[in-house]
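Here is the structure we will look at.
All of the numbers you see were taken from the coordinates with simple rules; none came from a lab. Not measured: the values here are computed from a predicted model. Glycine also receives a Cβ, built like all others from the backbone with ideal geometry; neighbour counts cover every protein chain displayed.
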Amino acid sequence: MKTHFIRALAFGLLLCGSVSAQAAEAKPNIVHIVADDLGWKDVGFNGCPDIKTPNLDALAAGGAKFTQFYVQPMCTPTRAALMTGRYPFRYGLQTIVIPGPAGYGLDTSEFLMPQCLKEAGYTTAIIGKWHLGHADIKYWPKQRGFDYQYGAMIGELDYYTHSDAGVLDWFRNNRPVKDEGYTTQLIGNDAVKYINGQSANKPFYLYLTFNAPHTPYQAPQEYVYRYKNIEDPTRRTYAGMVACLDDEIGRVVAALDKKGLRDSTLILFHSDNGGTRNAMFAGQMADLSKTKLPCDNGPYRDGKGSLFEGGCRVTACANWPGHIKPQTVDGIMHAVDIYPTLAALAGASTAKCKPLDGLNVWDTIAEGNPSPRSEVIYNVEPFRGAVRQGDWKLIWRPLIPASFDLYNLAEDSYETNNVAAAHPDKVAAMQERLNALGKESTKPLALIYITSVGLAHGKPLMGSVGGKKSPTATEGDGPSITDEGIGEVEAAAAHH
């Protein structure tokens, strides 16, 4: 009898252990890594010839390498899509980024991914860049579901002073900190420290958002020296920035291994938009109008700020040993899909969310199965919009003179052959879709802000007898927020 009891007890303990293991397996740790303005071809696994990214290449080789991972064309909109699972035109963050002097942020009525994961038992942290509201603390990460925060609130900062225009933008848990060092390495250090402090008994979500390789182009000298054979000085510095980013990601993976958490951790990596190809979107801290921009988006046209593929189709991969099949995944997915996918893996309810645009694409990520997504909304703005349905993509610029670009991406991934004139029915149907979404959209907060600033009464700009202009006067043919300069700089040429 005693022997039977011991056997039953052992079996029960074994069963409990198995159930616990399954429960732990059902709630993986999640390390969600976002790079900033990284070119599609500026990683080894996408064929970069001159920048070495061995750590990212290893993640891609051992997991899923995505060929059709879409985001929004700029930073704030993408980060909003990730946090809400909803396209940013639904809450006014679809146009440009939140400017430093602006007071608006991501609508506080949105139920964000860290809030959702916390309710499912996760510890949540953001280490790195936020850029979803900074002027009012109600928009900050600690008020939006993150248990821990370290890094920058805005979008662009000096890598060594951690400031912009003399204003410090470096915080830990809502308090400013004056840490010394290069931001990429500081973010990596903090991520390693955070991982070392985690327990195997409680899952965590780490939103690891590097500001590299966003402008200003700065890198530690030892990293620049690694690439002394690159002739162009800006590309050389940029290469050093990407190499440092890759090293820090390698340190994070090593910390997971050392802690014994690697097999229970999903790592997702992608850029927030395409690499910068237009100086208008290269940041405000330096004039790069005469600089050869260093980013390479490979087979895709244009870059950051653009509705062409180079602005929205980004480098991405995912790795979770034993759960993600190593392969190239061609299924379409968008940033809005990350929220419902991670929530499903975590066993979290999205009942508190507003209607999601995202879909659960886990089977596509893990097995390479066909994606449930056939449509991508690149953006919906008063002055432009773009949609992909299957292989067809329409870019519509409704401002006078209105224009349409229609491409078959399966045949023309670089978008060189505008076939709108040959397919008027296709153009009309996709235009109708964008127009319907436009009726659902919220007015862009950026345009409201810019209009209020631009029309505010101030000191008149006056010419002088000597013919000199005020240094702040703008040229009549300069770029504006609503002309082709917003990111479709190649579009005008395409129509001539």
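Residues of the stretch 142-168 falling in the label zone of E180, defined by backbone nitrogen less than 19 Å from a point 7 Å along Cα to beta-carbon, are 158-163, 168.
Between the Cα long axis of helix 445-454 and the first principal axis of the chain there is an angle of about 40°, rounded to the nearest 10. Principal axis analysis of the Cα atoms in the stretch 85-179 yields extents of 38, 31, 19 Å, listed in decreasing size.
Per residue, the convex hull spanned by the Cα atoms of the chain measures out at 177 cubic angstrom. Exceedance of the 22 Å cut-off in Cα-Cα distance is limited, within the set K27/K129; K27/K325; K118/K142; K129/K352; K118/K325; K27/K352, to K27/K129; K129/K352; K118/K325. Between A61 and T416, residue separation times 0.36 nm minus the direct Cα-Cα distance comes to 124.7 nm.
Here is the list for the stretch 203-285: GluC sites (Glu not before Pro) lying in DSSP coil, each with at most 16 other C-beta atoms within 10 angstrom of its C-beta, are E231. The HN-Hα couplings worked out from phi for the stretch 44-54 by the Karplus form 6.51 cos²θ - 1.76 cosθ + 1.60 (θ = phi - 60°) are x, 6, 10, x, 5, x, 10, 10, 9, 10, x Hz, whole numbers, x standing for Gly and Pro.
Label separation (K290 vs A200): 6.0 nm, computed from points 7 Å beyond Cα along the C-beta direction. Relative to the longest principal axis of the Cα atoms of the chain, the long axis of helix 183-196 lies at roughly 20 degrees.
Of all lysines in the structure, those lying under 18 Å Cα to Cα from K258, and not within fewer than 8 positions of it along the same chain, are K193, K202. Quick check on the stretch 319-432: take the gyration tensor over C-alpha atoms, sort the square-rooted eigenvalues as a ≥ b ≥ c, and tell me if it's rounded (a/c under 1.5), prolate or oblate. Note, shape of the stretch 319-432 comes out oblate.
With 0.36 nm allotted per residue and the present C-alpha distance subtracted, the S349-D247 stretch has 33.2 nm of extension available. Any chance you could give the angle, 0 to 90 degrees and rounded to 10, that helix 233-259 forms with the longest Cα principal axis of the chain? So the inclination is approximately 20 degrees.
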